[in-house]
Amino acid sequence: MDIENVTPAGTMRALVQPSYGGPNDLTLVADHPRPVSPGPGDYVVRVGAAGVNFADVMQTRGTYGGGPRPPYVAGFEAAGEIVAAGAGVDGPLPAGTHVIGAGSGAFAEYMLMPAAGVLPVPPGWSDAAALGMVLNWATALAALRPLGELKEGEVVLIQAAAGGVGQAAVRLARHYGAQIIATASPAKHDDVRALGVDVVLDPSRGDLAEEILRRTGGVDVVLESVGKATFEASLSVTKPITGRVVVFGAASGDAVLTTHDLIFTHPVQVKGLHIGALAKASPSVYQGLIDEIERLIARGVYAPGTPQVHPLGEGPRVLRELEAGVTRGKHALDPRR
Ligand SMILES: NC(=O)c1ccc[n+]([C@@H]2O[C@H](COP(=O)([O-])OP(=O)(O)OC[C@H]3O[C@@H](n4cnc5c(N)ncnc54)[C@H](OP(=O)(O)O)[C@@H]3O)[C@@H](O)[C@H]2O)c1
């Protein structure tokens, strides 16, 4: 099939965020204008499945750095079928190719996706199965390897291990031969144990740091995405000088770290991670992540994802549940339902 030069005109279903009032304000619109023509370097993609991420929640509240201003079509991660390519797309993939990528307005039937960041959906995988590749898995891999410098036999603490990024991190850390200690709300412990982790702790227990130290004697790498509620414990259990704390989220709010802390209380290596910033600032490191993910897929370490897929109109509920911390694993929206 040839690339269509002009996207079919018309309207589409979309979830629009009109305010910074949070997921409750997300509104299903039946006649939102479709992306008319792809800008330079963009594909128009017919969305098959859109990934729901904690960043979507933050965007609805205006707390995501550089996030969109309302009103905007929500969502940014999707997999779907290319229907048109803009000027300047280098070696465009043919129309009909299924790709996974990120762009603005993923919670809709059609979206614009910058061509530079897309990957083909692996052969035989559905769109929904590919969600997480460029976000959850790339983030977890970046945190463990180039930043966390995890080595076989080392101890890794994975906070929020039952979540979208958390479950990817558990699978990767097992593959790399790490000893894993995880945290998750008690209702989710079985999900984490099912991934082969023996020690799963409730992050709200008062003696979290003491218990982790008692069990491990000190942690080499921490994947810290919870922030305020767990940051102090994460620092306390990290081995002085050699230990690495990779910070990539703050689901419970921001934590504060002072120079005094770093020198006298917690002399550890603290590294910040934003996957978009990494891709932009260090394309070769990012390409290394993608290459490794493709190897992991080829070897069956990374199997097709099984997100819980909801109709588009249920997006506000799904985001509310993500915000409340009661979801497990990856969630997705199907704009055709
Ligand atoms: N920097 C990056 O490039 C990047 C990329 C992707 C994701 N992230 C971050 O990684 C984290 C995980 O993202 P995700 O999309 O996979 O979400 P998720 O893990 O599915 O959801 C966040 C989890 O955080 C835990 N949590 C602890 N305190 C919470 C609170 N006060 N409110 C809500 N949740 C709380 C909950 O797990 P428990 O109930 O088990 O405690 C919750 O399920 C998020 O912080 C996200 O912002 C960062």
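Residue-by-condition table, conditions (1) within 14 Å of PHE107 (Cβ to Cβ); (2) modelled with pLDDT under 95; (3) open to solvent by less than 20 Å² (accessible area, probe 1.4 Å):
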{"position": "SER284", "(1), (2), (3)": "no, no, no"}
{"position": "GLY288", "(1), (2), (3)": "no, no, no"}
{"position": "GLU292", "(1), (2), (3)": "no, no, no"}
{"position": "GLU314", "(1), (2), (3)": "yes, no, no"}
{"position": "VAL318", "(1), (2), (3)": "yes, no, yes"}
{"position": "VAL326", "(1), (2), (3)": "no, no, no"}
{"position": "GLY329", "(1), (2), (3)": "no, yes, yes"}
Legend entry - Filtered residues of region 217-235 (kept if assigned to a loop (DSSP other than H, G, I, E, B), of a type in the set (Gly, Ala, Ser) and within 16 Å of the ligand (Cβ to nearest atom)): SER225
Inset, instruction - Within region 236-248, identify whether any single residue is within 16 Å of the ligand (Cβ to nearest atom) and in a loop (DSSP other than H, G, I, E, B), and answer yes or no. - result: yes
Legend entry - Meets criteria (touching a helix residue (DSSP H, G or I) at 6+ places or on another chain (Cβ under 9 Å), open to solvent by less than 40 Å² (accessible area, probe 1.4 Å), within 16 Å of the ligand (Cβ to nearest atom) and assigned to a strand (DSSP E or B)) for ILE180: yes
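Tell me which residues, restricted to region 60-83, are part of a helix (DSSP H, G or I) and buried (at least 19 other Cβ atoms within 10 Å of the Cβ).
THR60
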Inset, instruction - Sort out which residues of region 84-143 are of a type in the set (Phe, Trp, Tyr), within 12 Å of VAL47 (Cβ to Cβ) and part of a loop (DSSP other than H, G, I, E, B), and write them in order of number. - result: PHE107
Inset, instruction - State whether the residues of region 38-55 include one that is farther than 25 Å from LEU119 by Cβ, modelled with pLDDT under 95 and open to solvent by 40 Å² or more (accessible area, probe 1.4 Å). - result: no
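Which of the residues that make up region 262-285 are of a type in the set (S, T, N, Q), outside any helix (DSSP H, G or I) and either more than 16 Å from ARG244 (Cβ to Cβ) or within 11 Å of the ligand (Cβ to nearest atom) (or both)?
Within region 262-285, just SER282 meets the criteria.
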Legend entry - Exclusive hit being assigned by TED's automatic domain parsing to the domain that holds ILE181 and more than 24 Å from ASN136 (Cα to Cα), set VAL247, VAL256: VAL256
Inset, instruction - Evaluate region 273-284: report whether one residue or more is assigned by TED's automatic domain parsing to the domain that holds THR183 and under 23 Å from VAL155 (Cβ atoms). - result: yes
Legend entry - Considering residues of region 30-45 that are out of contact with any Lys or Arg (no Cβ under 7 Å at 6 or more places or on another chain) and hydrophobic (A, V, I, L, M, F, W, C) only, the residue nearest to the ligand (Cβ to nearest atom): VAL45
Inset, instruction - Would you confirm whether any residue within region 46-59 is part of a loop (DSSP other than H, G, I, E, B), touching a residue at least 24 places away in the same chain (Cβ under 8 Å) and within 16 Å of the ligand (Cβ to nearest atom)? - result: yes
Inset, instruction - Go through GLY148, GLY166, GLY117, GLY153 for me and flag whichever is more than 12 Å from the ligand (Cβ to nearest atom) and free of Cβ contacts under 8 Å to residues at least 60 places away in the same chain. - result: GLY153
Inset, instruction - Out of the residues in region 236-282 that are exposed (fewer than 14 other Cβ atoms within 10 Å of the Cβ) and among the aliphatic types (A, V, I, L, M), state the one that is nearest to GLY206 (Cα to Cα). - result: VAL256
Inset, instruction - Would you point out which residue out of ARG205, ARG174, ARG214 is assigned to a loop (DSSP other than H, G, I, E, B), without any contact (Cβ under 8 Å) to a residue 60 or more places away in the chain and either open to solvent by less than 20 Å² (accessible area, probe 1.4 Å) or not small (Gly, Ala, Ser) (or both)? - result: ARG205
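LEU112 - would you say it is under 21 Å from ILE275 (Cβ atoms), open to solvent by 20 Å² or more (accessible area, probe 1.4 Å) and hydrophobic (A, V, I, L, M, F, W, C)? Step through it out loud before you land on a result.
Working: under 21 Å from ILE275 (Cβ atoms): yes; open to solvent by 20 Å² or more (accessible area, probe 1.4 Å): yes; hydrophobic (A, V, I, L, M, F, W, C): yes.
Criteria met by LEU112.
The values are calculated or read from the model by the stated rules, or taken from the named source; none is laboratory data. This is a predicted model, so every value here is computed, not measured. Note that we place each Cβ from the backbone using ideal geometry, even for glycine, and neighbour counts take in every protein chain shown. Areas reflect the complete protein model, heavy atoms only, side chains present, ligands, DNA and RNA absent. Shrake-Rupley method; radii C 1.70, N 1.55, O 1.52, S 1.80 Å.
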